[in-house]
């Protein structure tokens, strides 16, 4: 998946948010319906409010910028909204089982989706060079509870000379259990180029 190209997500403004770590069935269903409505508008899926990090131009390869294009915060309600959107865009039935298959996030969890590209056209398995991710909450250093990748695809970029080059793109998702009452912390990981990321977050900003 690619934030700047193949995924084609619109970076849209939204309303004030607040994390719902354990949504009710009604809240989940409302989020799914929001996703269906967004798909009907044909304006892309809004993620701007959920971006923790992004480069100025995801289509350009800038020296020293690393391999990460963007980092998105994913919450239980955001994933339910994405499921409604994704299924509708694909023309598939929006059934409870289909939604659960896509938005399979247990309560009290948060995910960080890292969109990235390879260093070269032959490095399809570049996500394997990423270092382990941790979440720092106060003095607690928490490991991931689950890690998954989306599947690499080849896409085109512009290099520093403006020439079109090809790189593999993929997304790796880090899932963490959120300690009760925790809202602020840092996401830490190292990308395939060795660049270290220490990204502060405030979960009270996300619904």
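Each value in this text was obtained by applying a stated rule to the coordinates, not by laboratory testing. These numbers were taken from a predicted model, which means no experiment stands behind them. No Cβ is skipped: glycine too gets one built from the backbone with ideal geometry, and neighbour counts run over all protein chains shown.
Cα gyration tensor of the range 31-133, axes a ≥ b ≥ c as square roots of the eigenvalues: rounded (a/c below 1.5), prolate (a/b > b/c) or oblate? Prolate. Ranking of 24, 149 by neighbouring Cβ atoms within 10 Å, starting from the fewest: 24, 149.
Length available on full extension from residue 30 to residue 183: 0.36 nm per residue minus the Cα-Cα distance, which gives 52.7 nm. Let a ≥ b ≥ c be the square roots of the eigenvalues of the Cα gyration tensor of the chain; is it rounded (a/c under 1.5), or, if not, prolate (a/b larger than b/c) or oblate? It is oblate, given that a/c is not under 1.5 and a/b is not larger than b/c. Note on residue 147 and residue 89: the extension gain reaches 18.3 nm, defined as 0.36 nm multiplied by sequence separation minus the Cα-Cα distance. Summary of the geometry: the range 84-151 and the range 162-204, compared by the centres of their Cα atoms, lie 10 Å apart.
Over the range 25-205, what is the relative contact order in whole percent, taking alpha-carbon pairs under 8 Å and six or more residues apart? Reported relative contact order: 23 percent. The mean sequence distance of close C-alpha pairs (under 8 Å, at least 6 residues apart), as a share of the length of the range 113-207, puts its relative contact order at 34 percent.
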